[in-house]
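Student: Quick one: the structure is below, questions incoming.
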Amino acid sequence: MKCPICYGNTVGKVGNNQFYCWECYVEYSYSKGSLQIYEVSDDGFLIPVEAKEAKPIFLSNQLD
Ligand SMILES: [Zn+2]
């Protein structure tokens, strides 16, 4: 399991089909083959990251 954003290996499993990247500080889950990314707020709430917001992260990552 690698992080879909930074492609790093610092990914821990935090639940059923839920993973956390210690590099990006984001949590993500797989369900029915699709990926959902969450930011974790200071109070521990999960904030869904829209695909259109996540895309520039993917693109900038690939350009690097
Ligand atoms: Zn990451």
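The values are calculated or read from the model by the stated rules, or taken from the named source; none is laboratory data. Being a predicted model, the structure only gives us computed values, none of them experimental. Don't worry about glycine lacking a Cβ; one is built from the backbone with ideal geometry, like all the others, and counts go over all protein chains shown. Heads up: the accessible areas ignore ligands, DNA and RNA and are worked out on the full protein's heavy atoms, side chains in. Shrake-Rupley method; radii C 1.70, N 1.55, O 1.52, S 1.80 Å.
Student: Place a label point 7 angstrom from the Cα of V14 along the Cα-to-Cβ direction, then list the residues of the range 31-45 whose backbone nitrogen is under 19 Å away.
Tutor: Answer for this model: 31-32, 34-45.
Student: Can you put K2, K13, K32 in order of accessible area, largest first, using a 1.4 Å probe? Each step should come with its number before you reach the end.
Tutor: Details: K2 120, K13 140, K32 210 Å².
Accessible-area ranking of K2, K13, K32, largest first: K32, K13, K2.
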